[in-house]
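One structure is given below, encoded as structure tokens.
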Amino acid sequence: MTTVLTARPNLPVVFASGPVTTSPAGPWRLAWRRFRRHRLAIVGMVVIAFLASASLLADVLSPYNPTKTNLLEMLDAPSVAHPMGTDELGRDLMARILHGGRVSLAVGVLAVALAVSIGSTVGAIAGYRGGWVDNLLMRLVDFMIALPSIFVLILLATIYGTSPVTLVFVIGGLRWMGTARQVRGAFLALREREFVEAARCLGARPSRIIIRHLLPNAIGPIIVAATLGISGAILTESSLSYLGLGIQPPVASWGNMLRNAQDQMTRAPWTAVFPGLMIFLTVLAVNYVGDGLRDALDPRKIGSR
């Protein structure tokens, strides 16, 4: 008896000729993979997250009021009761550093957010429009860069006051020029690309082309400029507070804590060491994260694994 094997037409046989391939990772996933390889950037991110979390949880981590004085505990060395010691008025230094971190970090982040907003707007208009608009806006950028920034900061802080809101506007209003140049350069390279020409042919307005098509493709330089700008803004706020033109006591910031500690450097060095260490760690961590983002978002490397 002979058995005949026939293939059923409704059950096709599929032969695998090689390994199953998955869809390629997107550019942002590849950028994250590149960023993870930058170990110092990862460490910097962890440090920033720790400092920001500790500042937000200052009331939980320290039971002391940062403005309450205690003349019986003036300039106490670090101990179990006061892990970072006390200052010249008996205030707990750890509580003041944690609450001061709120002010310093908030001023730095908000000032950079303002600077990036102004710089991105100016750079986008200049790069997209070109011609006399580009020349006018770039001459404005050159003029702002030529201004002695520290003198202008001191002048504006003296005129308009030294509240945190004022410092945000003063610092942010004088730190947008670098972002403007970077965004302009990115727009000059992108505005003649095929997808922009296609959007124009479909009747898209310039504002829509800028917001929906060009800005997303220029987001890499903006992110890097914003990250690296935070460290500069924190240093600027600390410098102004150290000079007495920034955040005023009894509100704590790392800069005015250094100013108050300059008379106790020999007797109580911890009053200067801990605020200075916070500034150092924050600026270093932000710079490492900025370096990692710059390498990860580099268009020449974004496609590599």
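The values are calculated or read from the model by the stated rules, or taken from the named source; none is laboratory data. Just so you know, these numbers come straight off a predicted model, no measurement behind them. When we count neighbours, we look across all protein chains shown, and the Cβ atoms used for this are built from the backbone with ideal geometry, even at glycine.
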### Single residue of region 250-287 satisfying the filter (polar (S, T, N, Q) and in contact (Cβ under 8 Å) with a residue 12 or more places away in the chain) that is surrounded by the most Cβ atoms within 10 Å (Cβ to Cβ)
Ser253
### Query
Would you pick out the residues in region 216-235 that are hydrophobic (A, V, I, L, M, F, W, C) and under 17 Å from Leu51 (Cβ atoms)?
Ile230, Ala233, Ile234, Leu235
### Entirely in region 121-222, the helices (runs of 4 or more DSSP H) that have 2 or more residues that are among the acidic types (Asp, Glu) and out of contact with any strand residue (DSSP E or B) (no Cβ under 6 Å at 6 or more places or on another chain)
131-146, 194-201
### Query
Which residues, counting only those in region 59-90, are buried (at least 21 other Cβ atoms within 10 Å of the Cβ) and out of contact with any Asp or Glu (no Cβ under 9 Å at 6 or more places or on another chain)?
Asp87
### Message
On the basis of being touching a helix residue (DSSP H, G or I) at 6+ places or on another chain (Cβ under 8 Å) and more than 28 Å from His38 (Cα to Cα), does Ser239 make the cut?
### Response
yes
### Query
Can you name the condition, by its number, that Leu214 falls short on among (1) farther than 21 Å from Gly44 by Cβ; (2) buried (at least 22 other Cβ atoms within 10 Å of the Cβ); (3) in contact with a Ser or Thr (Cβ under 8 Å, 6 or more places away or on another chain)?
(3)
### Query
What is the one condition in (1) crowded, with 18+ Cβ neighbours inside 10 Å; (2) modelled with pLDDT under 90 that Ile159 does not satisfy?
(1)
#### Entry: Odd one out for Ala252 among (1) at pLDDT below 85; (2) part of a loop (DSSP other than H, G, I, E, B)
(1)
### Query
Does any residue in region 207-222 that is farther than 12 Å from Val196 by Cα come within less than 7 Å, Cβ to Cβ, of a residue that is in a helix (DSSP H, G or I) and among the aromatic types (Phe, Trp, Tyr) six or more places away or on a different chain, and which pairs are these?
Ala218/Phe187
### Task
Confirm whether Ala124 is touching a residue at least 24 places away in the same chain (Cβ under 8 Å), of a type outside the set (Lys, Arg) and surrounded by fewer than 16 Cβ atoms within 10 Å (Cβ to Cβ).
no
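Yes or no, residue by residue, for (1) within 19 Å of Ile247 (Cβ to Cβ); (2) in contact with a helix residue (DSSP H, G or I) (Cβ under 6 Å, 6 or more places away or on another chain):
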position: Glu88; (1), (2): yes, no
position: Ala95; (1), (2): yes, no
position: His99; (1), (2): yes, yes
position: Leu110; (1), (2): yes, yes
position: Ala126; (1), (2): no, yes
position: Arg129; (1), (2): no, no
position: Asp134; (1), (2): no, yes
position: Leu147; (1), (2): no, no
## Note on the structure
Subset of region 237-293, residues under 24 Å from the mean Cα position of the chain (by Cα) and among the aromatic types (Phe, Trp, Tyr), comes to Tyr242, Trp254, Phe274, Phe280, Tyr288
